[in-house]
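The values are calculated or read from the model by the stated rules, or taken from the named source; none is laboratory data. Fair warning: this is a prediction, and the values are worked out from it, not measured in the lab. So basically every Cβ, Gly included, is an ideal-geometry build from the backbone, and we count neighbours across all protein chains shown. These accessible areas exclude ligands, DNA and RNA; they are computed on the full protein's heavy atoms, side chains included. Shrake-Rupley method; radii C 1.70, N 1.55, O 1.52, S 1.80 Å.
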Amino acid sequence: MVVASGLLAIIVGGAFAAVLVTITQLRGTTDLRRQTREALVAADTLEKHIIDLETGLRGFVITRDESFLQPSNDARAALPDSARALERLAADEPVQRARVRRIVRAMDAYDRQYALPLVRAVRRDDPSVRSVERTLTGKQRVDALRQGLNSFRTAERARLERRDADVDEAARRATAAAAVGVAGSVVLIIVFSGYLTRVIVRPLRRAAVMANRLAGGDLSARMRETDVAEIGALERSFNVMAGSLETSRDKLASLLAEQAALRRVATLVARGAASAEVFAVTATEVCRLLGTTSTALCRYEPDATGTVVALATDVELGVGVGARLTLEGENAMGTVFRTGRAARVDSFERPTGTLADLARKGGICTSVGAPIVVEGRLWGVVVLSSRGRTLPADTEQRLADFTELVATAIANADGRAQLVASRARVLTAGDDARRRVVRDLHDGAQQRLVHTIVTLKLAQGAAQGAAQDATQDDGESADALVAEALEQAEQANAELRELAHGILPAVLARGGLRAGLDALVSRVRVPVDVDVDGAVAGDRLPAEIEASAYFVVAEALTNVVKHSRARSAEVKAWVEDRALHLDVRDDGVGGARPDGTGLLGLNDRVAALGGRLRVESPPGRGTRIAATLPL
């Protein structure tokens, strides 16, 4: 078939080549005819200018009237452009180009050597200008120029006639070649028709039948790979396509099952189901979807252990929900804890540790772990285990969607728990504050005021007795009682002021946050460096922002004095991005617990204003308490 196709291509190509050559020549002839016409027009124009030049010159010689020179001068001015146009049109033919150059040189010589000297001679009244000799000289020069232009025109017409003859011959050859090509093509097409029907049409029909089967859903349809060349390649490509479609169908079914499992878990999360229920359903869905032997959800503990919070398995592993597992040795759970990234173990023959022993006991050969990250913190891990087969390479990626849902459920549950605890702490703190105020009033200022009242009554009685019995000297006794009552009233006033100071410092209310911070720092035994920017020091902030910022710094400095054993501390406050930022650092022993009573109270206060509190206290490296309060 390749040879026959080559012959057909050669025949048809030769015919078309002959036609194309003829067309090209015709196009060249057309261009030449147009160029010849332009050259003839240019030659006629140049000849007209020469005649105008000679005629104007003769009229001036005869009449000596300067007006006869105007046509001659116009012709002289137009001669260079006409000469250049004629020279350009004759540029592709060397003989014609040389002829034009001779004409141009002769024309220049006529103008310089005859025309211009003749005009000057007429203006000098030289009698020789009317001599027959000079007149014949001018005529001979003009006749020579016109003869040269006639020769140019004759040569151009001859060249055009030769090209027309060549084109006619080429057209006859092209016609014959086209006839031969058409006849040969018809013969070859007839021969090809039968051959192509056998090697192409029939296989294509079989391919159409198989394609209909594929379109009907029968992805197992395959073609016999018996042909060669392009048809054989088509049969192989068809079978590859059918296999790819079958694989895609299986992948789509797997994807749909995965999406259905994710939807069921997401529905639980959206309903606000309990974390234990979400964990259990997630473990079951992952185990069923990926066909693993067991799926476990574990929570990492502060002591570098893991607690099983959900387990779906069909083998006895010796552990259950609530079991605490150590993370030493080479295992997916421990690797995720140490690196924060997904990990896998494809063999438990050599690894050591509790988890490796459990895997060997259950016949586990492959284990994959994916981290559960809640609000940027590593919370736990989902561990898949399988025996008898290696888990696919995309297992970690498929687990990512489930771990995100679990993290969302955990974050929601933590948020609800923190909200309930925060409300309880707020109520408790309010009750405690009221009881403290009542107790302080009862034990302090109230007792002082009662004492004052009793003392004043005694002084009143003493004064009345002294008035009835003027002989008795009770004046000193009444004065002493009044003095004592005054002392008790002053002490009651001081205690009331101190109590009010405990509720909200007067210096904060009067002087703003900078004054309150300075007062706080002045009462701390540890050296404290205070850095407050101009926006905080110069402008008053909202009262609730100033009070919360004051108590954050107060609690932080209290922890510095009581617990950190720090040698120095630093307090910074600045306004940026429409928020007040606080940063309290010390160089103490660290180890502060964010769930302590004081820090929990601060977190509640900051959260109530829409802010955020962050505590960093690594052991041995000091403590940092940072708060952001939106303005």
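Pairs please, first residue from the stretch 549-565 and more than 13 Å from residue 590 (Cα to Cα) and in a helix (DSSP H, G or I), second anywhere and open to solvent by less than 10 Å² (accessible area, probe 1.4 Å) and not aliphatic (A, V, I, L, M), Cβ atoms under 8 Å, 6+ apart in sequence or on different chains.
Pairs that qualify, where the first residue is more than 13 Å from residue 590 (Cα to Cα) and in a helix (DSSP H, G or I) and the partner is open to solvent by less than 10 Å² (accessible area, probe 1.4 Å) and not aliphatic (A, V, I, L, M), are 550/505; 550/516.
Of (1) part of a helix (DSSP H, G or I); (2) closer than 20 Å to residue 373 by Cβ; (3) open to solvent by 50 Å² or more (accessible area, probe 1.4 Å); (4) out of contact with any strand residue (DSSP E or B) (no Cβ under 7 Å at 6 or more places or on another chain), residue 264 satisfies all except one. Which?
Tallying (1) part of a helix (DSSP H, G or I); (2) closer than 20 Å to residue 373 by Cβ; (3) open to solvent by 50 Å² or more (accessible area, probe 1.4 Å); (4) out of contact with any strand residue (DSSP E or B) (no Cβ under 7 Å at 6 or more places or on another chain), residue 264 fails exactly one: (2).
Looking only at the stretch 196-213, which residues are under 10 Å from residue 242 (Cα atoms) and either open to solvent by 60 Å² or more (accessible area, probe 1.4 Å) or at pLDDT below 70 (or both)?
Once the filter is applied, which keeps residues that are under 10 Å from residue 242 (Cα atoms) and either open to solvent by 60 Å² or more (accessible area, probe 1.4 Å) or at pLDDT below 70 (or both), the stretch 196-213 yields nothing.
Residues of the stretch 70-103 being over 30 Å from residue 60 (Cα atoms), among the aliphatic types (A, V, I, L, M) and open to solvent by 20 Å² or more (accessible area, probe 1.4 Å), which ones?
Correct list: 91, 95, 98.
Matching residues to (1) in a helix (DSSP H, G or I); (2) in contact with an Asp or Glu (Cβ under 9 Å, 6 or more places away or on another chain); (3) free of Cβ contacts under 8 Å to residues at least 60 places away in the same chain; (4) of a type in the set (A, V, I, L, M):
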residue	(1), (2), (3), (4)
40	yes, yes, no, yes
47	yes, no, no, no
55	yes, no, yes, no
60	yes, yes, no, no
67	yes, no, yes, no
75	yes, yes, yes, yes
78	yes, yes, yes, yes
83	yes, yes, yes, yes
98	yes, no, yes, yes
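Mind telling me which of the residues 544, 570 ends up being in contact (Cβ under 8 Å) with a residue 60 or more places away in the chain and surrounded by fewer than 19 Cβ atoms within 10 Å (Cβ to Cβ)?
Residue meeting the stated conditions: 544.
Can you name the residue in the stretch 514-525 that is among the hydrophobic types (A, V, I, L, M, F, W, C) and in contact with a strand residue (DSSP E or B) (Cβ under 7 Å, 6 or more places away or on another chain) and, of all such residues, is least open to solvent (accessible area, probe 1.4 Å)?
Of everything passing the filter in the stretch 514-525, 517 is least open to solvent (accessible area, probe 1.4 Å).
List the pairs whose first member sits in the stretch 515-535 and is at negative phi, whose second member is among the aliphatic types (A, V, I, L, M) and in a loop (DSSP other than H, G, I, E, B), and whose Cβ atoms are under 7 Å apart, counting only residues at least 6 apart or on separate chains?
526/566
How many of the residues making up the stretch 131-143 are open to solvent by less than 60 Å² (accessible area, probe 1.4 Å) and either in contact with a His (Cβ under 8 Å, 6 or more places away or on another chain) or in a helix (DSSP H, G or I) (or both)?
4
Considering only the stretch 291-304, how many residues are aliphatic (A, V, I, L, M) and assigned to a strand (DSSP E or B)?
Here the count works out to 2.
Would you mind stating whether residue 291 is open to solvent by 10 Å² or more (accessible area, probe 1.4 Å), closer than 26 Å to residue 325 by Cβ and modelled with pLDDT under 75?
yes
Could you grab the pairs with beta carbons closer than 6 Å, sequence gap of 6+ or different chains, first residue in the stretch 285-304 and of a type in the set (Lys, Arg), second one open to solvent by 20 Å² or more (accessible area, probe 1.4 Å)?
299/309
For the list (1) of a type outside the set (Val, Ile, Thr); (2) under 28 Å from residue 33 (Cα atoms); (3) free of Cβ contacts under 8 Å to residues at least 60 places away in the same chain, I need the number of the one condition that residue 93 fails.
The number of the failed condition is (3).
Tally up the residues in the stretch 598-617 that are open to solvent by less than 60 Å² (accessible area, probe 1.4 Å) and among the charged types (D, E, K, R), please.
Counting residues in the stretch 598-617 that are open to solvent by less than 60 Å² (accessible area, probe 1.4 Å) and among the charged types (D, E, K, R) gives 1.
Within the stretch 618-631, which residues are more than 18 Å from residue 513 (Cβ to Cβ), open to solvent by 20 Å² or more (accessible area, probe 1.4 Å) and in a loop (DSSP other than H, G, I, E, B)?
Listed by number, the residues that qualify are 618, 619, 620, 621.
Go through (1) out of contact with any Cys (no Cβ under 7 Å at 6 or more places or on another chain); (2) open to solvent by 40 Å² or more (accessible area, probe 1.4 Å) and name the single condition residue 387 misses.
In the conditions (1) out of contact with any Cys (no Cβ under 7 Å at 6 or more places or on another chain); (2) open to solvent by 40 Å² or more (accessible area, probe 1.4 Å), residue 387 misses (1) alone.
Looking at 595, 577, 529, 583, which is the one that is surrounded by fewer than 16 Cβ atoms within 10 Å (Cβ to Cβ) and part of a strand (DSSP E or B)?
Every option except 529 fails the conditions.
Which residues, taken from the stretch 305-340, are open to solvent by less than 20 Å² (accessible area, probe 1.4 Å), closer than 14 Å to residue 356 by Cβ and under 38 Å from the mean Cα position of the chain (by Cα)?
Within the stretch 305-340, 331, 332, 333, 334 meet the criteria.
For the stretch 146-156, check the following and say yes or no: at least one residue is part of a helix (DSSP H, G or I), without any contact (Cβ under 8 Å) to a residue 12 or more places away in the chain and of a type in the set (A, V, I, L, M).
Looking through the stretch 146-156, none of the residues is part of a helix (DSSP H, G or I), without any contact (Cβ under 8 Å) to a residue 12 or more places away in the chain and of a type in the set (A, V, I, L, M).
Select from the stretch 104-130 the residues that are over 30 Å from residue 36 (Cα atoms) and open to solvent by less than 50 Å² (accessible area, probe 1.4 Å) and list them in ascending order.
114, 115, 117, 118, 119, 121, 122, 126, 128, 129
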